[in-house]
Amino acid sequence: MNIGIDMMGGDFAPLEAVKGMQQYLSGHNIPATLTLIGDKAQVEKLVAEHNIASSHIKIIHAEQVIGMHEHPTKALKEKKHSSIAIGFHLLASGKIDAFISAGNTGAMLVGALFSIKALEGVIRPTISSIIPKSDGGTGLLLDVGLNADCKPEQLNQFAIMGSVYAQLVLGIDNPRVGLINVGEEEGKGNLLAQATYPLLKDNKHINYIGNIEG
């Protein structure tokens, strides 16, 4: 597998990206190939300083960076030589199998929709985060920052996507799905939560347990 990494995205880039890459490579006997996309001079210097072998990495130079405060669509259109734009071009052309960035979330959303597109029927993508439980189990929280405003139909799709992810990736049999709300009782919450509840309740593809309090 060939994984593309935006080395210029997120806080303290590219140093923290190099540290994460070093941790990954040291923990796998047969690691994936990593395609590092960013300022070649900076990345090469840090790779050398951290004594990272070049056998599993490839560096592709990107002369531009999309900042965290830039407008996603405008930035992708105007910065075709940015690390995010190059990453999605490589992904869409099949030269890498996955693309990761801790940078501009909106640019990642727009790039994904325009370059590789969503699965048929999916209205909007979502971002999830793994949440450790006090009993040692694993939970999945979504959405965690990609969508500011949603419709009930979108939350219903998020529930399906999250449930499938929990089963296939996290190995959780029959994962339970809850709607975060201000109270557990049916009928609680704002208009969005009240409209979403019956959709989730009638959804035969998920194991819906009702509202849960954050």
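The values are calculated or read from the model by the stated rules, or taken from the named source; none is laboratory data. These numbers come from a predicted model, not from an experiment. With ideal geometry, Cβ positions are generated from the backbone for all residues, glycine too; neighbour counts draw on all protein chains shown. Ligands, DNA and RNA are excluded from the accessible area calculation, which covers all protein heavy atoms including side chains. Shrake-Rupley method; radii C 1.70, N 1.55, O 1.52, S 1.80 Å.
Anything in the range 180-205 that is in a loop (DSSP other than H, G, I, E, B) and buried (at least 17 other Cβ atoms within 10 Å of the Cβ)? List them, or say none.
Gly189 - this is the single residue of the range 180-205 that is in a loop (DSSP other than H, G, I, E, B) and buried (at least 17 other Cβ atoms within 10 Å of the Cβ).
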Complete set of residues in the range 1-21 that are open to solvent by 70 Å² or more (accessible area, probe 1.4 Å) and in a helix (DSSP H, G or I) | Glu16, Lys19
Hey, Ile59 hits all of (1) over 12 Å from Gly103 (Cβ atoms); (2) open to solvent by less than 30 Å² (accessible area, probe 1.4 Å); (3) β-branched (Val, Ile, Thr); (4) touching a strand residue (DSSP E or B) at 6+ places or on another chain (Cβ under 7 Å) but one; which does it fall short on?
-> (2)
Picked from the range 111-165 (must be within 22 Å of Ile66 (Cα to Cα) and among the β-branched types (Val, Ile, Thr)), the residue modelled with the lowest pLDDT is Ile116
